[in-house]
Amino acid sequence: MNNNTIAYLVTTLATALGLLVIDTVVPGVDIANFPAALIAAVVVGGINSTIRPVLSILSLPINFLSLGLFSLVVNGVCLWLAALLVPGFAIHGILAFILGPVILSFASTFLNNYFDEKKIVQSVLNTEATAEKKIAQSPLATSPSDIIVERKIEQSPAGTSNTEII
């Protein structure tokens, strides 16, 4: 795995944990279980990278007039859309609609900073590189040229087979 893949997985995990935090803290946010939170984290990430920029541009005039407070509504709409798409994830009520994305943002930022401070991504990459090095140094490791492929040529009457080394 490369650095970007692991960083994406860590961010998705942080978002899923953040969703579980808002499930606990905000009344009206319901997440059935951790797998639903993981799926919701992927969907929230997808919506935030595709639909949210469009909504932000379309709502720019009203966002300007409200001094940026309309961004709370845009974030609520994005979280609500994710809840519509993911079974086991639901948003009920205006408090969950407005407060849910705010707390999710704080929780995800905190967890991402924590993972970054603990160098989780680098740790995973170093562990993977160490494991690959140990496998390569193992006496059991073989290169493609060390493998002998045998092919059965014919069955002899005595029940033994003749083989040819390729």
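The values are calculated or read from the model by the stated rules, or taken from the named source; none is laboratory data. Everything quoted here is computed from the prediction, not taken from an experiment. Because the Cβ atoms are built from the backbone with ideal geometry, glycine has one as well, and the counts that use them run over all protein chains shown.
Among the residues of the stretch 2-14, are any under 18 Å from the mean Cα position of the chain (by Cα) and either among the basic types (Lys, Arg) or at positive phi (or both)? Scanning the stretch 2-14 turns up no residue that is under 18 Å from the mean Cα position of the chain (by Cα) and either among the basic types (Lys, Arg) or at positive phi (or both). Can you find even one residue in the stretch 6-22 that is over 23 Å from Asp116 (Cα atoms), in a helix (DSSP H, G or I) and free of Cβ contacts under 8 Å to residues at least 24 places away in the same chain? Taking every residue of the stretch 6-22 in turn, none turns out to be over 23 Å from Asp116 (Cα atoms), in a helix (DSSP H, G or I) and free of Cβ contacts under 8 Å to residues at least 24 places away in the same chain.
Picking from residues in the stretch 99-121 that are among the hydrophobic types (A, V, I, L, M, F, W, C) and under 15 Å from the mean Cα position of the chain (by Cα), the one that is modelled with the lowest pLDDT is Val121. Restricting attention to the stretch 35-83 and to residues that are out of contact with any helix residue (DSSP H, G or I) (no Cβ under 7 Å at 6 or more places or on another chain) and surrounded by 12 or more Cβ atoms within 10 Å (Cβ to Cβ), the residue that is farthest from Ala16 (Cα to Cα) turns out to be Ser66.
Taking the stretch 23-58 only, how many residues are part of a loop (DSSP other than H, G, I, E, B) and either over 17 Å from Val102 (Cβ atoms) or touching a His at 6+ places or on another chain (Cβ under 6 Å) (or both)? Qualifying residue count for the region: 3.
Of the numbered conditions (1) in contact with a helix residue (DSSP H, G or I) (Cβ under 7 Å, 6 or more places away or on another chain); (2) farther than 24 Å from Ala7 by Cα, Ile103 fails exactly one; give the number of that condition. Ile103 satisfies all of (1) in contact with a helix residue (DSSP H, G or I) (Cβ under 7 Å, 6 or more places away or on another chain); (2) farther than 24 Å from Ala7 by Cα except (2). Val86: among the β-branched types (Val, Ile, Thr), surrounded by 11 or more Cβ atoms within 10 Å (Cβ to Cβ) and modelled with pLDDT of 95 or more, yes or no? Yes, satisfied. If you go through the stretch 83-105 and pick out every residue that is assigned to a helix (DSSP H, G or I) and in contact (Cβ under 8 Å) with a residue 12 or more places away in the chain, you end up with 13.
Please verify whether the stretch 28-38 includes one or more residues that are under 16 Å from Leu81 (Cα atoms) and within 11 Å of the chain's Cα centre (by Cα). So far as the stretch 28-38 goes, yes, one or more of its residues are under 16 Å from Leu81 (Cα atoms) and within 11 Å of the chain's Cα centre (by Cα).
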